[in-house]
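K.L.:
Can you read through this structure? Questions will come right after.
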Amino acid sequence: MWLLQRLLGGKDRKQTKRWDEWIAVYFKISNDEYGTEEERDAIHRFTDKLAEVILESGVGVFDGDEFGNGECGLFMYGPNADRLFNVVEPLLRGWKPLNGGYAIKRYGAPIGQSERIEF
């Protein structure tokens, strides 16, 4: 709930931001299913840092993660994918479990261009 309150900031709910652009990050985990409990806990600690940096910078929101089929996905949204990526890139590049993974930056909605970044 705190995330929603910080995003809305007590403002009139009719004032919404358009977050047409997004970043999805994908990387392999230790097994063919959902990874280990320890691995998921480490990922959640990392995503807490991502969420905090994104909120503090005002470039968007961290939306969540997804586990399955030996892979993890992290999802972030904002009005400008380049600004969002510039904020999270240092954390992403410095996090060892992401080595060998990649990010997709998607521009515009509903159909926009995308760019793939390897780690």
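Values quoted throughout were computed directly from the atomic coordinates according to the rules given, and no laboratory measurement underlies them. On a predicted model such as this, the values are computed, not experimentally measured, just so you know. All Cβ positions, glycine included, derive from the backbone under ideal geometry; neighbour counts span all protein chains shown.
K.L.:
If R₀ is 25 angstrom, what is the calculated FRET efficiency for the pair SER30 and SER114, using the beta carbon separation as r and rounding to 0.05?
P.N.:
It comes to 0.35.
K.L.:
By counting other Cβ atoms within 10 Å of each Cβ, how are LEU91, LEU50, LEU84 ranked from fewest to most?
P.N.:
Arranged by neighbour count, lowest to highest, LEU91, LEU50, LEU84 become LEU91, LEU50, LEU84.
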